[in-house]
Every structure is written in C-alpha cells, then in structure tokens.
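The values are calculated or read from the model by the stated rules, or taken from the named source; none is laboratory data. None of these values were measured; they are calculated from a predicted model. Methodologically, a virtual Cβ is constructed for each residue, glycine included, from the backbone with ideal geometry; neighbour enumeration extends over all protein chains shown. Side chains included, ligands, DNA and RNA excluded: accessible areas come from the protein's heavy atoms. Shrake-Rupley method; radii C 1.70, N 1.55, O 1.52, S 1.80 Å.
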Amino acid sequence: MKIKSSYRKPARRLSRRSDNQSFFGSDSESDHPPFFTPGSEVRAKDEGATFQGKTPEEEVSQAKDEEEETAQAKEEEEETMQAKEEEEEAQPKGIDEKGSSDPSEKCACGGTGKEGEPDEQPESGPAPGQAKDGADSPSLAYQKCDTITQEPSIKQAVSSATSLANRAAGASTAIAMVGGLQAQFPGIKLTQGELHHQKWFGKFHQSRAHRIARTYRKISKALTGKIYVSCGCKKNIYAYVKAGGQRKIFLCKKFWGAGSSGFDSRPGVIVHELAHEVDLSIGDKGYGTNKAEKLAKKKPGKAATNADNYEYYAESL
C-alpha cells in the first residue's frame, strides 16, 4: 500500500522563488542591495556611467591623425633617402685638372694656372693646414702678392672670413641640435638664423643640417691654420683652389674688385674656397644668389654641396 507523502510541491517552488529573489534581488527595498540586478548594466550605459566606446566624430578624428602621422613619417623617410642619394652622387670621382672656360664663374676649382705653365709652388713654411704653435688666427704665406696693396687686403679679408665662419658654425650647429621644432609646433616663430638657413639650404632636414654645421666647423678650424695665398692668377674669375686639401687659394681678377661685405665679398670668397677644401664633395652646382636660392627650394640636398650656398649663408648672418 502506498502512502501519500505529506510534502507539498508548491512549497518547493516557493522556496526556489525565494532563492532566486535573494540572488537577483527583489522588488522590496532593503538596506543591503543585491549583488547583481538584471538590467543594471543597460541602465548604466544609458546613463553614460560605464560606456567606454568612442563617438563617430572621435573615430574620424583619430583616423585622420593616424593618416597624417603616416604621411609625415613617409615624407621624412623619402627626404632621408633623397639626401643620402644626393650625397653619394656628389662624392668626387677624382681630382679635376681642367680649368673653367666660363669667365663669369667664381672659381675654376680643381683647375691649373695659365695654360702650358707649371703649377705654382708655395713658399717654404709649415705643411699645409699646420698652424703656428698656440696660434688662434691664420698664418698666411704669400706668393706673387704685392706687400703694399695686396697683402693688407688679404689679411683683412681672411680676418673677416674667420668671423663669418665662426658665426655660421655657431648658428648652424644650434639649428642642427634644436631645429625642426617649427614643423612640430607651427606656432613657433623662426629665428633670423633659421630663416637664413631655410633660404640657403631649404627645408630643415636633420642629417643635412648636421652635415652643414660640420662643414662650417671645419672651415672655421681651417682658418686657424696655415693658408697659402697666390696673387698671380690673371683669369677673370674670383678665385680657385685645387682639390686635395692643400689650403692654397689662388686669387684672381674679380677678387680685387669685390667689396669687404655683402654678397660675393672678399671674406665670402675665402669661405667659398675653403668649403671646397674641407669637403671634396662640395662643388659648384650653380653660381649667384638666384641659382643658390633655387637649389635650396627645389634641390636642398644639392644646395648642401654647393659652395656659393655656404658663402651666402655666412654672409647673411
């Protein structure tokens, strides 16, 4: 015989319902809020309390910023490659022994003296580039120079050239160290030195700026050593040097008619010629202020290997 159980199923359902209420929360108010209430996360999102996503406007702005950063990085990489290629192309293949046939040119760098005549030999003295003990100013050795009319002019020109080179070395070194800030912060106003640097060497580029500053420091150092000067050139140009770091400058007809300041000055010509001496990759890609400015705007890598650009930047300061 089966005996009916006195256990009531409704009581079990009531107990289960009570357990559910204790977990999910109940409709009655309590001093102890439930651990989790269905719909609480949805309400929080609606109220903006826990929503961590981005608005469509923010996503568009972020995408735009990323595109600009990518484009800027690509442009910098292309400039670096271009500067490297131009420097490689500018490396000298050997000493050019041919003189210039253009009488308007400033120098026939790498050229010889009069046709059929042997190269002039410097007077006896220390080896080229060797300064006197403890000397901070250049030691000049003259050849075929008039002691009354020419030697004093040369001394003054070299002294002024030293000042030009020192200023250019200081300014260009500072630009190489802290330059490029204007590109990152467009609101920054360029200094006078930076404006001149941009005019004669183009848009700022880190490696190119360091190369320019290094060249000016070498010129400045060369002006503290032994420099040989010959006044026997009769060509209708300013001056010329011979490749190989001989530190010998041949001054020609146009040099004596140049001024003591401004563009194409006597001190500037000295800076121009020593640029060839301290860096054999520096040649004459173009003469005159107009051509120098065009190089800086269109081909800044070549402007950094053109002697006139070094001269005009130094003369601008």
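Residue count for the range 264-317 satisfying the condition of being among the small types (Gly, Ala, Ser) and buried (at least 24 other Cβ atoms within 10 Å of the Cβ): 7. Say whether the condition of being in contact with a Pro (Cβ under 8 Å, 6 or more places away or on another chain), modelled with pLDDT of 95 or more and on the phi < 0 side of the Ramachandran plot is met by at least one residue in the range 252-264. Yes, the range 252-264 has at least one match. Taken over the range 243-257, residues that are more than 21 Å from Lys285 (Cα to Cα) and buried (at least 21 other Cβ atoms within 10 Å of the Cβ) amount to 2.
Per the listing Lys298, Lys226, Lys254, the residue uniquely within 22 Å of the chain's Cα centre (by Cα) and of a type outside the set (A, V, I, L, M) is Lys298.
Residues of the range 202-225 that are under 18 Å from Glu151 (Cα atoms) and open to solvent by 20 Å² or more (accessible area, probe 1.4 Å): Thr224 alone. Taking the conditions exactly as written (under 13 Å from the mean Cα position of the chain (by Cα), in a helix (DSSP H, G or I) and either among the small types (Gly, Ala, Ser) or crowded, with 22+ Cβ neighbours inside 10 Å (or both)), does Ala174 satisfy them or not? So Ala174 passes the test. Of the candidates Ile237, Ile188, the single residue that is farther than 20 Å from Ser160 by Cα, open to solvent by 40 Å² or more (accessible area, probe 1.4 Å) and of a type in the set (Val, Ile, Thr) is Ile188. Across the range 235-270, the number of residues qualifying as in contact with a helix residue (DSSP H, G or I) (Cβ under 7 Å, 6 or more places away or on another chain), in a loop (DSSP other than H, G, I, E, B) and of a type in the set (Lys, Arg) comes to 2. Of the residues Thr191, Thr215, which is without any contact (Cβ under 8 Å) to a residue 40 or more places away in the chain and hydroxyl-bearing (Ser, Thr, Tyr)? From the options Thr191, Thr215, the qualifying one is Thr191. Listed conditions (1) within 13 Å of the chain's Cα centre (by Cα); (2) assigned to a helix (DSSP H, G or I) are all met by Lys203, apart from (2).
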